[in-house]
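Here is the structure we will look at.
Every number here is computed from the coordinates shown, using simple stated rules; none is lab data. In this text, all values refer to a predicted model and were calculated from it rather than measured experimentally. FYI the Cβ positions are ideal-geometry reconstructions off the backbone, even for glycines, and counts take in every protein chain you see.
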């Protein structure tokens, strides 16, 4: 069992090494990471110290959407508390998930203001002998805009003024040895921002899992596109000694440009800097052949089809 409390409140919190007024869980940006295993019983006591209602959604869980479980229709009023309980199925795939508020009319602005955190279900890839000795980095990407010592409301923010934060820091340094392999869990814990990551100097990501689901086989990609709310597990190899940027490359999320910034793609932005130094390693790529056996639905019988509708 994991039994914990999450307190949603507004206050001065540490963001990019400065005190900033933000809306957070437990005064942390991003919120605390919850670590579980298949078959666990997860209890979250949500304490709402905000001036507006909120609730909690565990993004990606295969659990009941009713009662006090993953019920997005619940409304927790200001200065009220509510206890959520989740029975994690024994067959829920191990991987990377996240949590955030999901109350209609408040979702986007509360996430942008700071309410979000990561969830990791251990198992799956973690149990493979080839990956056990490979160190992990948990990279929670948050998109928001800080101005005059506070996170501005999303209605006042712009694409050009917003920045990407990794674990609460702008452009942190990630250390790696030349030739070393690291496993990164990447969470795009945002309401809106699509992120397209590119490694330096022609390096490629080796994709292991998407949205908590292990791929049947690894896939090598130059650019790693991560939609809002999506997660990726990848292997990264250290390059030659020196500092080099991992970029969020320009990407137009809307036809004709950005609705917020007035046109053009999201700017080129350094998400983190890889610092390659120390003794060289010659890590052998550990994954060959089949990674998992995901259930295929293409030939399954369709129980119900949605009727198409046209705009009126």
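Can you classify region 2-125 as rounded, prolate or oblate using the Cα gyration tensor, where a ≥ b ≥ c are the square roots of its eigenvalues, rounded means a/c under 1.5, and otherwise it's prolate if a/b beats b/c and oblate if not? The partial results should precede the final answer.
Values: a/c = 2.09, a/b = 1.38, b/c = 1.51.
Note, shape of region 2-125 comes out oblate.
Could you sort 39-47, 228-236 so that the peptide with the highest average Cβ count within 10 Å comes first and the rest follow in order?
228-236, 39-47
Would you mind telling me which residue in 143, 188, 48 has the biggest mean-square fluctuation in a Gaussian network model of the chain, where springs connect alpha carbons within a distance under 10 angstrom?
For the chain, modelled as a Gaussian network with Cα springs under 10 Å, the answer is 48.
According to the square roots a ≥ b ≥ c of the eigenvalues of the Cα gyration tensor, what is the shape class of region 129-276, taking rounded for a/c under 1.5, prolate for a/b larger than b/c otherwise, and oblate for the remainder?
Values: a/c = 1.92, a/b = 1.65, b/c = 1.16.
Because a/c hits 1.5 or more and a/b exceeds b/c, region 129-276 counts as prolate.
Rounded to the nearest 5, what % of DSSP beta bridges with both residues in region 48-196 are antiparallel? Intermediate values should be presented prior to the final figure.
Details: 16 of 22 bridges.
Around 75 percent antiparallel, to the nearest 5.
If you average 1/r over every pair of different alpha-carbon atoms in the chain and take one over that average, what Kirkwood value in Å do you get? Mind dumping the intermediate values first?
Working: mean 1/r = 0.0480 Å⁻¹.
Here the Kirkwood hydrodynamic radius works out to 20.8 Å.
How far is the Cα center of region 1-67 from the Cα center of region 112-161, in Å?
13 Å
Could you tell me what percent of the DSSP beta bridges with both partners in the chain are antiparallel, to the nearest 5?
On the way: 62 of 85 bridges.
Beta bridges within the chain, antiparallel portion: roughly 75 percent.
Could you identify which residue out of 168, 31, 90 has the top mean-square fluctuation in a GNM of the chain using Cα springs shorter than 10 Å?
Top of the fluctuation ranking is 90.
Running a GNM on the chain with Cα contacts under 10 Å, which residue among 92, 287, 105 ends up with the highest mean-square fluctuation?
Ranking 92, 287, 105 by mean-square fluctuation puts 105 first.
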